1. In chain A, what % of DSSP beta bridges are antiparallel (nearest 5)?
2. Give me the extension gain from residue B:20 to residue B:58: residue separation times 0.36 nm, minus the current Cα-Cα distance, reported in nm with one decimal.
3. If the viscosity is 1.002 mPa s and the temperature 20 °C, what Stokes-Einstein diffusion coefficient in µm²/s follows for chain B when Rh is the Kirkwood radius over Cα pairs?
4. Just to check I understand the Karplus step: with θ = phi - 60° and J = 6.51 cos²θ - 1.76 cosθ + 1.60, what whole-Hz values come out for the stretch A:81-96, glycine and proline as x?
5. Taking N as the number of residues in chain A, what value does Rg over Cα atoms divided by 2.2 N^0.38 Å take?
6. Exceeding 27 Å between C-alpha atoms, which entries from my cross-link table qualify? They are A:9/A:57; A:57/B:78; A:44/B:73; A:14/B:38.
7. With θ set to phi - 60°, apply the Karplus curve 6.51 cos²θ - 1.76 cosθ + 1.60 along the stretch B:110-115 and write out the HN-Hα couplings as whole Hz, x wherever there is a Gly or Pro.
8. Quick one: Karplus J couplings for the stretch B:5-18, per residue in order, coefficients 6.51, -1.76, 1.60, θ = phi - 60°, nearest Hz, x for Gly and Pro?
Amino acid sequence: NAGVTQTPKFRILKIGQSMTLQCAQDMNHNYMYWYRQDPGMGLKLIYYSVGAGITDKGEVPNGYNVSRSTTEDFPLRLELAAPSQTSVYFCASSYSWRDLSYEQYFGPGTRLTVT
Amino acid sequence: AQTVTQSQPEMSVQEAETVTLSCTYDTSESDYYLFWYKQPPSRQMILVIRQEAYKQQNATENRFSVNFQKAAKSFSLKISDSQLGDAAMYFCAPGEAGTASKLTFGTGTRLQVTL
């Protein structure tokens, strides 16, 4: 199992450009998440998905969009990049069944700089 | 909504000694989980230990154990026989049970391990 994979590892964007951060998992997890981690801070939830075709906003969704057409993939789209979106982005997945929740598995992260 | 406080930005421990990292949280959820994640310089988020809030018994995982005080909303992590490889950022993260299983992260404690 590769677990959770993210591409690219690093990216530099100019202000106003757009890009998609890719995330895939091969553990057949139903839940997937996108977080951002600013320097010296904990992770903040951007968007999450409880299954294919179902997404919802987290704590800091402005400036981002997501889609989930398959169980495996959960791309994050940045439109009109701004310097405030400079951060490290983590994708995670977990399995949940009824009221049982299990730990989230994280990808290696994408370091994004917007200049 | 959940909030998390990690009041120790940095801690230091000598190799083979014991250290305790503190975490307090607030939640309106009646059923939830609590996690400690470790983030070494590689940036990878690694699960250290998990605790179900409905369980009175404190979780233990090898050299790692927790002191979970539900009424006080406290969830500290004890690391015994500290090793150089334990040096990392440690994040406390309560999570909602059931739907979405969203995590809220604290700001982290940086642990140094000295010889």
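A short reminder: the numbers here are calculations on the coordinates, not readings from a lab. Since this is a predicted model, take the numbers as computed values, not measurements. We place every Cβ from the backbone using ideal geometry, glycine too, and count neighbours over all the protein chains shown.
1. Taking every DSSP beta bridge within chain A, about 90 percent pair in antiparallel fashion.
2. Contour length minus Cα-Cα distance gives 12.2 nm.
3. 151
4. 4, 10, x, 5, 8, 5, 5, 9, 10, 10, 9, 9, 9, 8, 10, 9
5. Taking N as the residue count of chain A, the ratio is 1.01.
6. A:57/B:78; A:14/B:38
7. Karplus-based 3J(HN,Hα) across the stretch B:110-115 equals 8, 9, 9, 10, 10, 6 Hz.
8. Here the 3J(HN,Hα) series is 10, 10, 7, 10, x, 9, 9, 10, 9, 7, 3, 6, 8, 10 Hz.
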